[in-house]
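Student: Below is a structure I'd like to ask you about.
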Amino acid sequence: MLNLLDQTSDQLRGWFAERGLPGYRARQVWRWIFARRAERFDQMTDLPGQLRQALNAAFRLWTSRIAAHQRADDGAEKLLVEMTDGQRVECVLLRDDRGHCTICISTQAGCAMGCAFCASGMDGLARNLTSGEILEQMLRLQQCLAAGERISHIVVMGMGEPLANLDNLLPALALAASPEGLGISPRRVTISTVGLPEGIGRLADENRPYHLAVSLHAADDDLRSRLAPANRRWGVAAILAAADDYFTRTGRRVTFEVVLLGGVNDRPEHARSLVERLGGRPALVNLIPFNPVAGLPFAAPRSADVARFADTLRAAGLAVKIRYRKGDAIDAACGQLRRRERGQE
Ligand code: SF4
(Lines give C-alpha, C1' and ligand atoms only; values in the text may rest on other atoms or scores of the structure.)
Protein backbone atom coordinates (compact mmCIF):
# COMPACT_ATOMS: atom_id res chain seq x y z
CA MET A 1 0.00 0.00 0.00
CA LEU A 2 1.29 3.48 -0.90
CA ASN A 3 1.95 6.22 1.63
CA LEU A 4 -0.40 9.01 0.59
CA LEU A 5 2.14 11.61 1.67
CA ASP A 6 4.69 10.15 -0.74
CA GLN A 7 2.46 11.30 -3.62
CA THR A 8 3.04 14.68 -5.21
CA SER A 9 0.01 16.85 -5.93
CA ASP A 10 0.28 15.88 -9.61
CA GLN A 11 0.39 12.18 -8.75
CA LEU A 12 -2.66 12.42 -6.51
CA ARG A 13 -4.56 14.38 -9.16
CA GLY A 14 -3.53 11.65 -11.62
CA TRP A 15 -4.94 8.97 -9.31
CA PHE A 16 -8.30 10.77 -9.30
CA ALA A 17 -8.16 11.41 -13.06
CA GLU A 18 -7.63 7.66 -13.71
CA ARG A 19 -10.96 7.11 -11.97
CA GLY A 20 -12.70 9.84 -13.93
CA LEU A 21 -12.79 12.14 -10.91
CA PRO A 22 -12.05 15.87 -10.92
CA GLY A 23 -8.75 17.33 -9.73
CA TYR A 24 -10.36 19.32 -6.93
CA ARG A 25 -10.80 16.04 -5.05
CA ALA A 26 -7.03 15.98 -4.54
CA ARG A 27 -7.17 19.49 -3.09
CA GLN A 28 -9.93 18.38 -0.75
CA VAL A 29 -7.82 15.48 0.52
CA TRP A 30 -4.77 17.70 1.13
CA ARG A 31 -6.94 20.25 2.90
CA TRP A 32 -8.26 17.58 5.22
CA ILE A 33 -4.75 16.41 6.03
CA PHE A 34 -2.86 19.70 6.31
CA ALA A 35 -5.48 22.24 7.40
CA ARG A 36 -8.07 20.13 9.18
CA ARG A 37 -5.58 17.65 10.59
CA ALA A 38 -7.56 14.55 9.64
CA GLU A 39 -5.99 11.28 10.69
CA ARG A 40 -8.28 8.92 8.79
CA PHE A 41 -10.04 8.93 5.42
CA ASP A 42 -13.41 8.35 7.08
CA GLN A 43 -13.08 11.81 8.69
CA MET A 44 -13.12 13.41 5.22
CA THR A 45 -16.86 13.84 5.28
CA ASP A 46 -17.24 15.96 2.14
CA LEU A 47 -15.88 13.07 0.02
CA PRO A 48 -18.37 10.43 -1.17
CA GLY A 49 -18.31 7.28 0.97
CA GLN A 50 -17.17 5.06 -1.92
CA LEU A 51 -14.29 7.38 -2.64
CA ARG A 52 -13.19 7.32 0.99
CA GLN A 53 -13.22 3.52 0.85
CA ALA A 54 -11.19 3.53 -2.37
CA LEU A 55 -8.64 5.89 -0.82
CA ASN A 56 -8.49 3.71 2.25
CA ALA A 57 -7.83 0.64 0.12
CA ALA A 58 -5.12 2.34 -1.94
CA PHE A 59 -3.21 4.48 0.55
CA ARG A 60 -1.90 4.58 4.07
CA LEU A 61 -2.31 7.94 5.74
CA TRP A 62 0.04 7.57 8.70
CA THR A 63 3.06 5.31 8.56
CA SER A 64 4.86 6.39 11.72
CA ARG A 65 4.26 6.30 15.44
CA ILE A 66 5.54 8.57 18.18
CA ALA A 67 8.06 6.60 20.24
CA ALA A 68 8.82 9.45 22.66
CA HIS A 69 7.61 13.00 23.26
CA GLN A 70 9.57 15.44 25.40
CA ARG A 71 8.49 18.93 26.47
CA ALA A 72 10.74 21.66 27.88
CA ASP A 73 9.82 24.64 30.04
CA ASP A 74 10.74 27.04 27.24
CA GLY A 75 7.98 25.63 25.01
CA ALA A 76 10.23 23.37 22.93
CA GLU A 77 8.87 19.92 22.16
CA LYS A 78 10.82 17.04 20.67
CA LEU A 79 9.36 13.94 19.07
CA LEU A 80 11.08 10.66 18.39
CA VAL A 81 9.20 9.33 15.38
CA GLU A 82 9.42 5.63 14.49
CA MET A 83 8.94 4.58 10.89
CA THR A 84 7.37 1.29 9.75
CA ASP A 85 10.76 -0.42 9.50
CA GLY A 86 11.70 0.60 13.05
CA GLN A 87 14.02 3.45 12.02
CA ARG A 88 13.71 6.39 14.37
CA VAL A 89 14.28 10.08 13.71
CA GLU A 90 13.90 13.22 15.77
CA CYS A 91 11.98 16.38 15.02
CA VAL A 92 11.48 19.46 17.15
CA LEU A 93 9.00 22.29 17.66
CA LEU A 94 10.45 25.57 18.94
CA ARG A 95 8.32 28.47 20.14
CA ASP A 96 9.69 31.98 20.56
CA ASP A 97 8.38 35.09 22.28
CA ARG A 98 7.31 36.62 18.95
CA GLY A 99 4.77 33.85 18.53
CA HIS A 100 6.80 32.02 15.89
CA CYS A 101 6.50 28.26 15.80
CA THR A 102 9.54 26.83 14.05
CA ILE A 103 9.81 23.15 13.29
CA CYS A 104 13.10 21.33 12.77
CA ILE A 105 12.88 18.14 10.73
CA SER A 106 15.13 15.23 9.78
CA THR A 107 15.81 14.01 6.26
CA GLN A 108 17.70 10.78 6.89
CA ALA A 109 17.74 8.05 9.53
CA GLY A 110 21.28 8.50 10.82
CA CYS A 111 23.86 10.36 8.79
CA ALA A 112 26.89 9.44 6.70
CA MET A 113 28.77 12.70 7.24
CA GLY A 114 30.33 11.70 10.56
CA CYS A 115 30.76 15.17 12.09
CA ALA A 116 32.90 14.67 15.17
CA PHE A 117 30.59 16.48 17.61
CA CYS A 118 27.25 15.10 16.42
CA ALA A 119 25.21 12.33 18.04
CA SER A 120 23.23 11.73 14.82
CA GLY A 121 26.26 10.68 12.84
CA MET A 122 27.72 8.35 15.49
CA ASP A 123 26.13 5.21 14.01
CA GLY A 124 26.36 6.12 10.33
CA LEU A 125 23.55 6.32 7.81
CA ALA A 126 20.67 3.84 7.91
CA ARG A 127 18.66 5.23 4.99
CA ASN A 128 17.08 8.24 3.34
CA LEU A 129 13.60 9.21 4.51
CA THR A 130 10.87 9.29 1.88
CA SER A 131 9.13 12.58 1.13
CA GLY A 132 6.08 11.25 2.98
CA GLU A 133 8.17 10.49 6.08
CA ILE A 134 9.58 14.03 5.95
CA LEU A 135 6.07 15.51 5.65
CA GLU A 136 4.79 13.25 8.39
CA GLN A 137 7.22 14.86 10.86
CA MET A 138 5.74 18.26 9.95
CA LEU A 139 2.23 16.96 10.55
CA ARG A 140 3.17 15.25 13.81
CA LEU A 141 4.63 18.54 15.07
CA GLN A 142 1.59 20.43 13.83
CA GLN A 143 -0.49 18.16 16.06
CA CYS A 144 1.49 19.51 19.06
CA LEU A 145 0.29 23.07 18.39
CA ALA A 146 -2.39 24.68 20.50
CA ALA A 147 -5.46 26.28 18.92
CA GLY A 148 -4.40 29.54 17.27
CA GLU A 149 -0.79 28.47 16.77
CA ARG A 150 0.51 27.65 13.31
CA ILE A 151 3.84 26.57 11.91
CA SER A 152 5.68 29.71 10.80
CA HIS A 153 9.13 28.43 9.80
CA ILE A 154 10.75 25.15 8.80
CA VAL A 155 14.40 24.42 9.43
CA VAL A 156 15.83 21.32 7.79
CA MET A 157 18.50 20.88 10.38
CA GLY A 158 17.63 17.63 12.13
CA MET A 159 19.16 14.25 11.58
CA GLY A 160 20.88 13.66 8.24
CA GLU A 161 22.41 15.71 5.44
CA PRO A 162 19.50 17.30 3.54
CA LEU A 163 21.40 17.82 0.30
CA ALA A 164 22.16 14.08 0.17
CA ASN A 165 18.41 13.41 0.00
CA LEU A 166 17.17 16.21 -2.26
CA ASP A 167 15.06 13.83 -4.38
CA ASN A 168 12.76 13.33 -1.41
CA LEU A 169 13.21 16.63 0.40
CA LEU A 170 12.27 18.87 -2.53
CA PRO A 171 8.82 17.30 -3.17
CA ALA A 172 8.11 17.44 0.59
CA LEU A 173 9.01 21.13 0.74
CA ALA A 174 7.00 21.83 -2.42
CA LEU A 175 3.88 20.37 -0.78
CA ALA A 176 4.63 22.19 2.47
CA ALA A 177 4.85 25.45 0.52
CA SER A 178 1.72 24.96 -1.57
CA PRO A 179 -1.56 26.61 -0.54
CA GLU A 180 -3.15 23.17 -0.30
CA GLY A 181 -0.34 22.04 2.02
CA LEU A 182 1.02 24.08 4.90
CA GLY A 183 1.35 27.28 2.87
CA ILE A 184 4.84 28.05 4.19
CA SER A 185 6.83 30.30 1.89
CA PRO A 186 10.27 29.00 0.80
CA ARG A 187 11.65 32.22 2.32
CA ARG A 188 10.71 30.77 5.70
CA VAL A 189 12.49 27.51 5.04
CA THR A 190 16.14 27.09 6.03
CA ILE A 191 18.13 24.18 4.66
CA SER A 192 21.28 23.43 6.61
CA THR A 193 24.12 21.54 4.97
CA VAL A 194 27.58 20.39 5.89
CA GLY A 195 28.45 21.78 2.46
CA LEU A 196 27.96 19.57 -0.61
CA PRO A 197 28.81 21.85 -3.56
CA GLU A 198 26.88 19.79 -6.10
CA GLY A 199 23.78 19.77 -3.87
CA ILE A 200 24.04 23.53 -3.31
CA GLY A 201 24.12 23.98 -7.10
CA ARG A 202 21.07 21.77 -7.50
CA LEU A 203 19.22 23.72 -4.86
CA ALA A 204 20.03 26.96 -6.69
CA ASP A 205 18.67 25.38 -9.90
CA GLU A 206 15.32 24.98 -8.13
CA ASN A 207 14.97 28.74 -8.28
CA ARG A 208 13.15 28.90 -4.98
CA PRO A 209 14.42 31.32 -2.36
CA TYR A 210 15.22 28.80 0.34
CA HIS A 211 17.54 30.12 3.00
CA LEU A 212 20.82 28.18 2.88
CA ALA A 213 22.87 27.60 6.03
CA VAL A 214 26.32 26.09 5.62
CA SER A 215 27.81 24.42 8.68
CA LEU A 216 31.36 25.70 8.39
CA HIS A 217 32.79 25.22 11.92
CA ALA A 218 36.29 26.20 10.79
CA ALA A 219 37.80 28.03 7.84
CA ASP A 220 41.00 26.04 7.83
CA ASP A 221 40.85 22.77 5.85
CA ASP A 222 42.83 20.67 8.35
CA LEU A 223 40.69 21.59 11.32
CA ARG A 224 37.45 21.49 9.34
CA SER A 225 38.27 18.02 8.02
CA ARG A 226 38.74 16.81 11.58
CA LEU A 227 35.40 18.26 12.68
CA ALA A 228 33.42 17.55 9.51
CA PRO A 229 35.19 14.72 7.63
CA ALA A 230 33.06 15.33 4.51
CA ASN A 231 35.32 18.35 4.03
CA ARG A 232 38.13 16.06 2.85
CA ARG A 233 36.21 15.44 -0.32
CA TRP A 234 35.50 19.05 -1.30
CA GLY A 235 37.48 21.48 0.82
CA VAL A 236 36.47 24.89 2.12
CA ALA A 237 37.22 26.80 -1.11
CA ALA A 238 34.77 24.73 -3.21
CA ILE A 239 32.07 25.03 -0.57
CA LEU A 240 32.43 28.79 -0.33
CA ALA A 241 32.37 29.08 -4.13
CA ALA A 242 29.10 27.11 -4.21
CA ALA A 243 27.67 29.31 -1.43
CA ASP A 244 28.67 32.47 -3.35
CA ASP A 245 26.99 31.10 -6.45
CA TYR A 246 23.85 30.35 -4.42
CA PHE A 247 23.74 33.96 -3.23
CA THR A 248 24.27 35.30 -6.76
CA ARG A 249 21.51 33.15 -8.22
CA THR A 250 18.89 33.40 -5.47
CA GLY A 251 19.68 36.77 -3.90
CA ARG A 252 19.47 35.14 -0.50
CA ARG A 253 22.22 35.86 1.98
CA VAL A 254 23.90 32.64 3.10
CA THR A 255 24.31 31.85 6.78
CA PHE A 256 27.48 30.15 7.99
CA GLU A 257 27.11 28.12 11.15
CA VAL A 258 29.96 27.54 13.56
CA VAL A 259 29.45 25.14 16.45
CA LEU A 260 31.96 26.44 18.97
CA LEU A 261 33.78 23.66 20.82
CA GLY A 262 35.68 24.69 23.93
CA GLY A 263 39.43 24.89 23.21
CA VAL A 264 39.06 23.33 19.73
CA ASN A 265 37.80 25.96 17.28
CA ASP A 266 36.99 28.90 19.58
CA ARG A 267 40.50 30.42 19.82
CA PRO A 268 41.32 33.93 18.50
CA GLU A 269 43.29 32.46 15.59
CA HIS A 270 40.20 30.51 14.49
CA ALA A 271 38.12 33.69 14.51
CA ARG A 272 40.80 35.48 12.48
CA SER A 273 40.94 32.66 9.96
CA LEU A 274 37.14 32.88 9.51
CA VAL A 275 37.47 36.61 8.95
CA GLU A 276 40.09 35.99 6.25
CA ARG A 277 37.89 33.44 4.46
CA LEU A 278 34.50 35.13 4.85
CA GLY A 279 35.46 38.80 4.90
CA GLY A 280 33.75 40.87 2.21
CA ARG A 281 30.78 38.50 1.90
CA PRO A 282 27.27 39.66 2.79
CA ALA A 283 27.10 36.68 5.12
CA LEU A 284 25.59 36.03 8.52
CA VAL A 285 27.62 33.91 10.92
CA ASN A 286 25.70 31.94 13.53
CA LEU A 287 27.84 30.98 16.49
CA ILE A 288 26.40 27.99 18.32
CA PRO A 289 28.03 27.18 21.67
CA PHE A 290 28.31 23.39 21.88
CA ASN A 291 26.09 21.46 24.29
CA PRO A 292 28.10 18.56 25.73
CA VAL A 293 26.90 15.16 24.49
CA ALA A 294 27.65 11.96 26.43
CA GLY A 295 30.25 9.89 24.60
CA LEU A 296 31.74 12.82 22.67
CA PRO A 297 35.09 14.31 23.70
CA PHE A 298 34.13 17.98 23.45
CA ALA A 299 33.34 20.65 26.01
CA ALA A 300 31.17 23.75 25.91
CA PRO A 301 33.11 26.94 25.15
CA ARG A 302 33.53 29.54 27.90
CA SER A 303 31.16 32.50 27.57
CA ALA A 304 34.09 34.94 27.49
CA ASP A 305 35.62 33.04 24.54
CA VAL A 306 32.32 33.07 22.66
CA ALA A 307 31.98 36.84 23.21
CA ARG A 308 35.57 37.48 22.09
CA PHE A 309 35.07 35.30 19.00
CA ALA A 310 31.93 37.23 18.06
CA ASP A 311 33.68 40.58 18.62
CA THR A 312 36.49 39.61 16.24
CA LEU A 313 34.02 38.75 13.49
CA ARG A 314 31.93 41.87 14.06
CA ALA A 315 34.99 44.10 14.04
CA ALA A 316 35.69 42.78 10.54
CA GLY A 317 32.20 43.76 9.38
CA LEU A 318 30.55 40.33 9.50
CA ALA A 319 26.99 40.02 10.81
CA VAL A 320 27.04 37.66 13.81
CA LYS A 321 24.41 36.00 15.96
CA ILE A 322 25.09 33.86 18.98
CA ARG A 323 22.50 31.13 19.06
CA TYR A 324 22.05 29.30 22.30
CA ARG A 325 20.14 26.11 21.74
CA LYS A 326 16.61 26.07 23.08
CA GLY A 327 15.18 23.04 24.77
CA ASP A 328 18.27 22.05 26.73
CA ALA A 329 16.08 19.92 28.98
CA ILE A 330 14.99 17.76 26.05
CA ASP A 331 18.26 16.43 24.65
CA ALA A 332 18.36 19.39 22.28
CA ALA A 333 21.39 18.29 20.30
CA CYS A 334 20.23 16.33 17.30
CA GLY A 335 20.43 12.58 17.75
CA GLN A 336 20.61 12.58 21.55
CA LEU A 337 17.06 11.45 22.20
CA ARG A 338 17.34 8.68 19.62
CA ARG A 339 20.48 7.33 21.28
CA ARG A 340 19.06 7.66 24.78
CA GLU A 341 15.95 5.67 23.82
CA ARG A 342 18.20 2.95 22.39
CA GLY A 343 20.13 2.84 25.63
CA GLN A 344 23.31 4.11 23.98
CA GLU A 345 23.71 7.03 26.34
S1 SF4 B 1 26.03 17.55 12.06
FE2 SF4 B 1 24.53 17.16 10.43
S3 SF4 B 1 25.79 16.53 8.67
FE4 SF4 B 1 27.11 16.35 10.50
S5 SF4 B 1 26.85 14.19 11.16
FE6 SF4 B 1 25.34 15.43 12.30
S7 SF4 B 1 23.46 15.27 11.08
FE8 SF4 B 1 25.17 14.66 9.75
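Student: Considering only strands (runs of 3 or more DSSP E) fully contained in segment 123-227, which possess at least 2 residues that are buried (at least 21 other Cβ atoms within 10 Å of the Cβ)?
Tutor: Answer list for segment 123-227: 153-156, 189-193, 211-215.
Student: What residue, of R52, R13, R19, is basic (K, R) and surrounded by fewer than 17 Cβ atoms within 10 Å (Cβ to Cβ)?
Tutor: Checking each option against the conditions leaves just R19.
Student: Sticking with this one: Being of a type in the set (A, V, I, L, M, F, W, C) and in contact with a strand residue (DSSP E or B) (Cβ under 9 Å, 6 or more places away or on another chain): is that true of A237 here?
Tutor: Criteria not met by A237.
Student: Among R127, R88, R98, which is the only one that is more than 16 Å from the ligand (Cβ to nearest atom) and basic (K, R)?
Tutor: Just a single option satisfies the conditions, and that option is R98.
Student: Specify which of the listed residues (G280, G263) is modelled with pLDDT of 95 or more, in a loop (DSSP other than H, G, I, E, B) and more than 16 Å from the ligand (Cβ to nearest atom).
Tutor: Just a single option satisfies the conditions, and that option is G263.
Student: Right, something else. Going through L227, L278, L274, L240 one at a time, which residue ends up being under 20 Å from P297 (Cβ atoms) and more than 18 Å from the chain's Cα centre (by Cα)?
Tutor: Exactly one of L227, L278, L274, L240 is under 20 Å from P297 (Cβ atoms) and more than 18 Å from the chain's Cα centre (by Cα), namely L227.
Student: Restricting the search to segment 264-287, which residues are surrounded by fewer than 20 Cβ atoms within 10 Å (Cβ to Cβ) and in contact with a Lys or Arg (Cβ under 9 Å, 6 or more places away or on another chain)?
Tutor: Passing the criteria: P268, R281, P282, L284, N286.
Student: Let me confirm something: among T102, T84, which residue is in the same structural domain as L296 (by TED's automatic domain parsing) and touching a His at 6+ places or on another chain (Cβ under 7 Å)?
Tutor: Every option except T102 fails the conditions.
Student: Tell me whether segment 184-196 contains one or more residues that are of a type in the set (V, I, T), under 27 Å from L240 (Cβ atoms) and more than 16 Å from the ligand (Cβ to nearest atom).
Tutor: yes
The values are calculated or read from the model by the stated rules, or taken from the named source; none is laboratory data. The model shown is predicted, which means the values in this text are computed figures rather than measured ones. Don't worry about glycine lacking a Cβ; one is built from the backbone with ideal geometry, like all the others, and counts go over all protein chains shown.
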